Structure formats: structure tokens, C-alpha cells
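Input: a single structure, listed below in C-alpha cells.
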Amino acid sequence: MPGKEVVILGSGDIGLIMARRMTLEGGAKVKVVAELMPYSGGLKRNIVQCLDDFEIPLKLSHTVIDIEGKHRVEAVTIAEVGPDRKPIPGTEERYTCDTLLLSCGLLPENELSKSAGVELSQVTSGPVVNDSLETSVDGIFACGNVLHVHDLVDFVSQEAAAAGKNAATYIKAGEKDVQAEMLPISPEGGVRYTVPSFVRPSEMEENLTVRFRVGDVFKNKAIALYFDDRLIGKKKRQVMAPGEMEQVILKKKKLEEYPETKKITIRIEEA
Ligand SMILES: Cc1cc2nc3c(=O)[nH]c(=O)nc-3n(C[C@H](O)[C@H](O)[C@H](O)COP(=O)(O)OP(=O)(O)OC[C@H]3O[C@@H](n4cnc5c(N)ncnc54)[C@H](O)[C@@H]3O)c2cc1C
């Protein structure tokens, strides 16, 4: 055990799971989980099962402003932050502790992607891919946490199966001799990114799962799908949060109905 009295910064799934694990494994006392944003980046069920069930407080819109101790941590001070994410004077709270656990976000591991020279997305930090999960480098496919960070392994498995199948098809087909038309998928109005970023209508599967994350908490809004300015579908959602991946199914048949389409847009709007 790295310590017995713990403060955690960051309430994504790993911060939440670590709060429970520290408590269960070694009887550590997790005094507080502080989160800079006004919402947790983790799954709702993890907030309930990892914090609420162990009466560990979650302080949203809070960050660490001071760490005391020379040879080891002795205390941590947290403070509330305003909408500008800067600490608000007078809101400081000091916690004596021997450990500060930092869990401030995950990024795809890019060692292999970078050395292969694939184009990376500025938003996900993972490769930019088309509908077959192929990167900008011919014959290199990406899936799982190297592509974008997943909270649920089931989606990783589905993506991996698709990438594997597409890679096998690529090998069997040999060199590509057609340059298929590529339609961009534009994330707008609260949608941070989509995977894939491009679709080839002539090559895509009948039903393509497009996964994405929103950039804020949205209540009673809808996910809207557009082909250019034409509304194709709308799905009402009670709650959407950055910690929970969302998806829409893109149908090849529907795209064939509108062959003039130049851009696909996914956005959050009024339900
Ligand atoms: C703490 C934690 C708890 C989680 N809990 C859950 C949960 O309860 N339920 C759930 O559904 N999901 C959970 N997830 C999410 C899920 O585990 C991940 O989304 C999933 O494991 C990602 O799978 P992956 O195959 O893409 O990556 P990984 O599982 O990370 O596998 C990547 C593998 O590649 C290897 N590797 C890296 N670089 C190289 C290289 N250069 N050469 C060779 N090999 C290399 C790594 O060593 C690793 O074995 C959790 C994730 C974390 C971090």
C-alpha cells in the first residue's frame, strides 16, 4: 500500500475505482475526491459503487492548491474553483494525509502510431480513421484505447473485431485501385469528436457504429444526425456526460438515398 490516508484528484473512472480499491485492499482512509470540473468524468455507476457506498465525499469544481511535506506528503489543501477554473480565495480546506493520488485523465498510447507516421486527432490524441478504422497510413488499422479512450471494454471488443475483419479484407484485396469518395463527419454543438472521422459511402458496412463523446453534461437534449442541412434522425437522451461514450448508427441505405451529401454532422440540440 502506498499510503493510509489519501486524497484523490480527478474523478474519472480510474480515480473512482482507485478510491474503492485503496479502501478495500488496505483499509486506507480516502478522505476526499476532488474534481476540477463541475461534473465527474466517470460512469454514474462508479460514483455510486466506489464513492457513495463507502461514504467518500466527491467535491466537484475543486482542485489541489497546496501540498505539504518534505520526505513524504503530510497534508493537501484543496479549494473551490470558479467558472474560469481558478481557485476562489477563502474556500481553502486542508486535509492531513500521507498520499495524493493523481488521476487527471487518460490519453491514447501513441508510441507505435507516431513511429508509423499516422495522422493524429488533436481532440482524441489517437489516430484519425475512416469507416473501416484504417488510419492515414495505408494498411494500418486502429482500435481500442490506442484509438480513443474507452470506459467499457465491450466497445473495445466490438471495435477490435471490426478492425481485424477490415485488416483481413485489406490483405485479401491486395493493393487498392479505387480512390473512394470520403465524407467527413463533423462533430458540432457539444459533440467533441467522432470515431470514425470519415466515411466512404461506397465501401462502408450496411450499419456503421459512430462513437463519440460530448464536451459537457446535457439533460433532456437530443442527438441529431444531419446529411448536409437535412435532418436524418433525432434520438432523445435524458442525460449525456463526457464520461459516457455515445453512439449513432449510420445506415449505408440512407446515405444512398442522398448521394449528393457532402458532409455528415452529429450535434446535440433541443429534444
Ligand atoms: C483502472 C481501469 C479500470 C477499468 N475498469 C473497467 C471495467 O470495470 N469494465 C470495463 O468494461 N472496462 C474497464 N476499463 C476499460 C477497459 O479496461 C479498457 O477500455 C480496455 O482494456 C482497453 O483495451 P485495449 O486492448 O485497447 O488496451 P489495453 O487493455 O490497455 O491493452 C493494450 C496492450 O498493448 C500493450 N502494448 C502497449 N504498447 C505496446 C508495444 N509497443 N508493443 C507491444 N505491446 C504493447 C500493453 O502492454 C497492453 O497489454 C478500465 C480501465 C482502467 C484503466
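Normalised by the empirical 2.2 N^0.38 Å for globular proteins, what value does the Cα Rg of the chain take? Spell out each step's value before the answer.
On the way: Rg = 21.9 Å, N = 271, 2.2 N^0.38 = 18.5 Å.
After normalising by residue count via 2.2 N^0.38 Å, the value is 1.18.
Please list the non-local residues whose amide H lies under 5 Å from the amide H of residue 126, H modeled 1.01 Å from N, same-chain partners needing a gap of 5 or more.
Excluding prolines and chain starts, which carry no amide H, the hits are 121.
Lys and Arg at +1, Asp and Glu at -1: add these up for the other residues within a Cβ distance under 9 Å of residue 75 and post the number.
On the way: positive: 94; negative: 66, 68, 74.
After counting each charged neighbour, the total is -2.
Where q = 0.12, 0.29 Å⁻¹, what log10 of I(q)/I(0) comes from the Debye formula for segment 88-151, counting one point per Cα?
-0.45, -1.28
If the limit is 20 Å between Cα atoms, which of 219/253; 114/263; 234/254 go over it? Please list the in-between numbers first.
Numbers: 219/253 31 Å; 114/263 28 Å; 234/254 14 Å.
Correct reply: 219/253; 114/263.
Given the alpha-carbon gyration tensor of segment 5-102, what are the semi-axes of its equivalent ellipsoid in whole angstrom, ordered largest first, with each equal to the square root of 5 times an eigenvalue?
Values: eigenvalues 83, 66, 17 Å².
They are 20, 18, 9 Å, listed largest first.
Once the dipole of segment 116-231 is set up with Lys and Arg at +1 and Asp and Glu at -1 on Cβ about the Cα centre, which of 128, 220, 139 lies farthest towards its positive end?
220
On average, how much accessible surface per residue is there in segment 111-270, in Å², for a 1.4 Å probe, leaving out ligands, DNA and RNA?
Roughly 53 Å² per residue, with all protein chains present.
In vacuum, with every alpha carbon of segment 1-48 counted as one equal point scatterer, what does the Debye formula give for log10 I(q)/I(0) at q = 0.17, 0.20, 0.24, 0.29 Å⁻¹? Two decimals, please.
-0.45, -0.60, -0.83, -1.08
Through the Karplus equation 6.51 cos²θ - 1.76 cosθ + 1.60, θ set to phi - 60°, convert the phi angles of segment 157-168 into ³J(HN,Hα) values in whole Hz; use x for Gly and Pro.
Karplus-based 3J(HN,Hα) across segment 157-168 equals 4, 5, 5, 5, 5, 5, 4, x, 4, 5, 5, 5 Hz.
When only DSSP loop residues count, what GluC sites (Glu not before Pro) in segment 24-117 have their Cβ near at most 10 other Cβ atoms within 10 Å?
Details: sites: 25, 35, 55, 68, 74, 80, 92, 93, 109, 111; in loops: 55, 74, 92, 109.
In loop regions of segment 24-117 (DSSP not H, G, I, E or B), the sparsely surrounded GluC sites (Glu not before Pro) are 55.
Which value, in debye to the nearest 20, describes the size of the charge dipole of the chain about its Cα centre when Lys and Arg Cβ atoms bear +1, Asp and Glu Cβ atoms bear -1, and nothing else is charged?
Numbers: 35 positive and 41 negative charges, 101 e Å.
About 480 debye.
Say the dipole of the chain comes from +1 at the beta carbon of Lys and Arg and -1 at that of Asp and Glu; which of 7, 187, 47 then lies farthest toward its positive end?
With unit charges placed on the Cβ atoms, the residue in question is 47.
Using amide H atoms built 1.01 Å from N in the peptide plane, name the residues 5+ places from residue 32, or on other chains, whose amide H lies under 5 Å from its own.
Excluding prolines and chain starts, which carry no amide H, the hits are 8.
Calculate how large, on average over all directions, the projected area of the Cα convex hull of segment 51-186 is; give the answer in nm² to one decimal.
Details: hull surface 53.3 nm².
Convex hull of Cα atoms, orientation-averaged projection: 13.3 nm².
Largest first and to the nearest Å, give the Cα extent of segment 182-271 along each principal axis.
Cα spread of segment 182-271 along its principal axes, largest to smallest: 35, 21, 18 Å.
Based on the alpha-carbon set only, what is the convex hull volume of segment 111-270 divided per residue, in Å³? Don't jump to the answer; show the numbers that get you there.
Numbers: hull volume 18.1 nm³, N = 160.
Once divided by residue count, the hull of segment 111-270 is 113 Å³.
So, in Å, what gap is there between the alpha-carbon centers of segment 1-63 and segment 109-126?
Using only Cα atoms, the two centres lie 30 Å from each other.
To the nearest 500 deg cm²/dmol, what mean residue ellipticity at 222 nm is calculated for the chain from DSSP H runs of n ≥ 4 alone, each contributing -39,500 (n - 2.57), summed and divided by the residues?
Details: 4 runs with 47 residues, N = 271.
Counting only the DSSP helices, I get -5500 deg cm²/dmol.
Per-residue HN-Hα couplings for segment 23-28, Karplus 6.51 cos²θ - 1.76 cosθ + 1.60 at θ = phi - 60°, whole Hz, x for Gly and Pro?
Karplus values, whole Hz, x for Gly and Pro: 5, 6, 5, x, x, 6.
I'd like the carbon and sulfur percentage of the solvent accessible area for the chain, probe radius 1.4 Å, heavy atoms only, ligands and nucleic acids excluded. Intermediate results must be reported in sequence, preceding the final value.
On the way: 7640 of 14630 Å².
Roughly 52 percent of what the probe reaches on the chain is carbon or sulfur.
Choose one answer from 21, 72, 45: the residue with the largest mean-square fluctuation in a GNM of the chain with alpha-carbon springs under 10 Å.
Maximum fluctuation in the GNM of the chain, among the listed residues, is at 72.
Counting Lys and Arg as +1 and Asp and Glu as -1, each charge on the Cβ, what is the dipole of segment 1-136 about the Cα centre in debye, to the nearest 20? Mind showing how you got there, number by number?
Values: 14 positive and 20 negative charges, 66 e Å.
Computed about the Cα centre, the dipole is about 320 debye.
For residue 67 and residue 52 in the same chain, what is the full-extension length gain: residue separation times 0.36 nm, less their Cα-Cα distance, in nm? Walk me through the numbers before you get to the answer.
Values: separation 15, 0.36 × 15 = 5.40 nm, distance 2.59 nm.
2.8 nm is the gain from fully extending residue 67 to residue 52.
Report, in debye and to the nearest 20, how large the dipole of segment 59-211 comes out about its Cα centre when Lys and Arg carry +1 and Asp and Glu carry -1 on their Cβ.
Values: 13 positive and 24 negative charges, 55 e Å.
So the dipole magnitude of segment 59-211 works out to roughly 260 debye.
The values are calculated or read from the model by the stated rules, or taken from the named source; none is laboratory data. Since the structure is predicted, the reported quantities are computational estimates derived from the model, not experimental observations. All Cβ positions, even for glycine, are placed from backbone atoms using ideal geometry, and neighbour counts span all protein chains on display. Note: accessible area is taken over every heavy atom of the protein model, side chains too, but ligands, DNA and RNA are not part of it. Shrake-Rupley method; radii C 1.70, N 1.55, O 1.52, S 1.80 Å.
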